[in-house]
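To start, the structure under review is shown below, and the notes come after it.
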Amino acid sequence: MDLLTIGAFAKASGLSPKALRLYDELGLLRPARVDPYTGYRYYAVVQLDRARLVAWLRRLGMPLAEIRAVSALTGADAAREVRAYWARVEAKTAVRRDLAAFLVTELTEAPREGTTMLELRCAAHSDRGHVRHANQDSVYAGRRLLAVADGFGAAGAPASGAAVEALRFLDEGDGVRPGNVLNLLADAVRGAGDAVRDVTEGAEDAGTTLTALLWTGSGLALAHIGDTRACLLREGELFRITHDHSVVQSLLDEGRLTPAEAESHPQRSLLLKSLGAEPDLRLHEARPGDRYLLCSDGLTGVVPDDRIRELLTAAPDPETAVRALVDAANAAGGPDNVSCVVGDVG
């Protein structure tokens, strides 16, 4: 068997030695031989095709977990998976392009006389579920503010309640321009973090997640931290617009877990960040017909995304939608508190 040193193999495959060492640790691309004395890695020439495919897929931005699955396939099967991945990328890119265009327009154009402002209609519902002894979630659905918080620890309920209560002032007064709304929302989230620290003082490992949307009259500003989520239903497609700050999500991002493995991972509920750390902040375009969902992991942990999309699509109004989603979580066992907020743009 013809062998190449790790340096020669890296040069021939387009992968760096550092990447090859990582892929060895992950079981994605094992060396053909490891020197028992020096630990030096050697690769077979016949491994070059697989290594080059891995390099190409990484340049596409494909996560390592998907690369592992694609590189185990051949011919048409592998091509089909690459085509499906790129279709998902293009769909997400199209949404981000629209949002970027919206932000540029809103920040540069002055309000026009007689412009018809969109309206937001919303509803919220929270339930203890079938297993937990208390509900540590808090929700809010007002004229301008949508929010969901998922408390944890001995003072989880006071923590989530304090976080949402600290944001309620945002629901008052007139709308604000998108150019100012992120600063306003960031200040409010910092105030919510202070309120949570006050009510959890002396309580070990207590805190809360927070996901909130603030309506400007023509768009929405998002603040997010933790593993509560915000999703957008647009033209029949469901898009997640938040990214979980959790151990499992980080393992998924690094390619160390597959989505199937993540569903049953023992650290599914372990957070990397909660309220008090720096939140994700961004603006989102709104279109008539959009439906936004904010929810705790009591929903997403037991109800698949496809089923959530079906229920959101079928519900004629936000109140029906939140009830149907909470009922679905409880029908799936209700192992956690479940909370949903739905807002319709019209």
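In the list ALA147, ALA154, ALA123, which residue meets the criterion of being among the small types (Gly, Ala, Ser), more than 21 Å from ALA188 (Cβ to Cβ) and touching a residue at least 60 places away in the same chain (Cβ under 8 Å)?
ALA123
Being without any contact (Cβ under 8 Å) to a residue 24 or more places away in the chain and surrounded by fewer than 17 Cβ atoms within 10 Å (Cβ to Cβ) is the filter here; which residues of region 57-77 pass it?
ARG59, ALA72, LEU73, THR74, GLY75, ALA76, ASP77
Conditions first: (1) under 26 Å from GLN249 (Cα atoms); (2) open to solvent by less than 40 Å² (accessible area, probe 1.4 Å); (3) not aliphatic (A, V, I, L, M). GLY39 passes all but one, so which condition is the exception?
If we test GLY39 against (1) under 26 Å from GLN249 (Cα atoms); (2) open to solvent by less than 40 Å² (accessible area, probe 1.4 Å); (3) not aliphatic (A, V, I, L, M), just (1) comes out false.
In region 237-256, how many residues are buried (at least 20 other Cβ atoms within 10 Å of the Cβ) and touching a residue at least 60 places away in the same chain (Cβ under 8 Å)?
1
Specify the residue that is most open to solvent (accessible area, probe 1.4 Å); the eligible residues are those in region 294-314 that are β-branched (Val, Ile, Thr) and in a loop (DSSP other than H, G, I, E, B).
VAL302
Which of (1) more than 24 Å from LEU184 (Cα to Cα); (2) surrounded by fewer than 20 Cβ atoms within 10 Å (Cβ to Cβ); (3) at pLDDT below 95; (4) within 16 Å of the chain's Cα centre (by Cα) is the odd one out, the single condition ALA260 does not satisfy?
So the condition that ALA260 fails would be (4).
What residue, of ALA324, ALA262, ALA329, is in contact with a Leu (Cβ under 7 Å, 6 or more places away or on another chain), in a helix (DSSP H, G or I) and within 30 Å of ARG58 (Cβ to Cβ)?
Going through ALA324, ALA262, ALA329 in turn, just one is in contact with a Leu (Cβ under 7 Å, 6 or more places away or on another chain), in a helix (DSSP H, G or I) and within 30 Å of ARG58 (Cβ to Cβ): ALA262.
Condition test on LEU53, is it over 17 Å from TYR85 (Cβ atoms), in contact (Cβ under 8 Å) with a residue 12 or more places away in the chain and assigned to a helix (DSSP H, G or I)?
When the stated conditions are applied, LEU53 does not pass them.
Being touching a residue at least 40 places away in the same chain (Cβ under 8 Å) and buried (at least 16 other Cβ atoms within 10 Å of the Cβ) is the filter; apply it to region 13-22 and report the residue that is farthest from the chain's Cα centre (by Cα).
So, considering only residues that are touching a residue at least 40 places away in the same chain (Cβ under 8 Å) and buried (at least 16 other Cβ atoms within 10 Å of the Cβ), the one farthest from the chain's Cα centre (by Cα) is SER13.
Pairs, please: C-beta under 9 Å, at least 6 apart or cross-chain, first residue under 16 Å from TYR292 (Cβ atoms) and small (Gly, Ala, Ser) and in region 309-330, second open to solvent by 50 Å² or more (accessible area, probe 1.4 Å) and assigned to a helix (DSSP H, G or I)?
So the pair list comes out as ALA315/ARG323; ALA321/ALA314; ALA324/ALA314.
Quick one: count up the residues across region 191-223 that are in a helix (DSSP H, G or I) and either at positive phi or open to solvent by less than 10 Å² (accessible area, probe 1.4 Å) (or both).
3
Out of CYS340, CYS295, I need the residue that is touching a His at 6+ places or on another chain (Cβ under 7 Å), at pLDDT 95 or above and closer than 14 Å to ASP150 by Cα. Which one?
When all the criteria are applied, what remains is CYS340.
Can you name every residue in region 19-43 that is in contact with a helix residue (DSSP H, G or I) (Cβ under 9 Å, 6 or more places away or on another chain) and either over 17 Å from LEU3 (Cα atoms) or of a type in the set (A, V, I, L, M) (or both)?
ALA19, LEU20, LEU22, TYR23, LEU26, GLY27, LEU28, LEU29, ALA32, VAL34
Filter region 141-164 down to the residues that are more than 14 Å from ASN337 (Cβ to Cβ), small (Gly, Ala, Ser) and not in a helix (DSSP H, G or I), then identify the one that is nearest to the chain's Cα centre (by Cα).
The selected residue is ALA147.
So, of the residues in region 157-190 that are loosely packed, with under 13 Cβ neighbours inside 10 Å and closer than 16 Å to ALA141 by Cα, which turns out to be modelled with the highest pLDDT?
PHE169
In this structure, is GLY27 under 29 Å from the mean Cα position of the chain (by Cα), within 27 Å of LEU251 (Cα to Cα), not basic (Lys, Arg) and not in a helix (DSSP H, G or I)? Break it down stepwise before answering.
Numbers: under 29 Å from the mean Cα position of the chain (by Cα): yes; within 27 Å of LEU251 (Cα to Cα): yes; not basic (Lys, Arg): yes; not in a helix (DSSP H, G or I): yes.
The answer is yes for GLY27.
When region 337-346 is examined, which residues are found to be assigned to a loop (DSSP other than H, G, I, E, B) and open to solvent by less than 30 Å² (accessible area, probe 1.4 Å)?
Of everything in region 337-346, just one residue is assigned to a loop (DSSP other than H, G, I, E, B) and open to solvent by less than 30 Å² (accessible area, probe 1.4 Å), namely ASN337.
The values are calculated or read from the model by the stated rules, or taken from the named source; none is laboratory data. This is a predicted model, so every value here is computed, not measured. Cβ atoms come from the backbone with ideal geometry, glycine included; neighbour counts cover every protein chain shown. Surface areas here come from the heavy atoms of the whole protein model, side chains and all, with no ligands, DNA or RNA. Shrake-Rupley method; radii C 1.70, N 1.55, O 1.52, S 1.80 Å.
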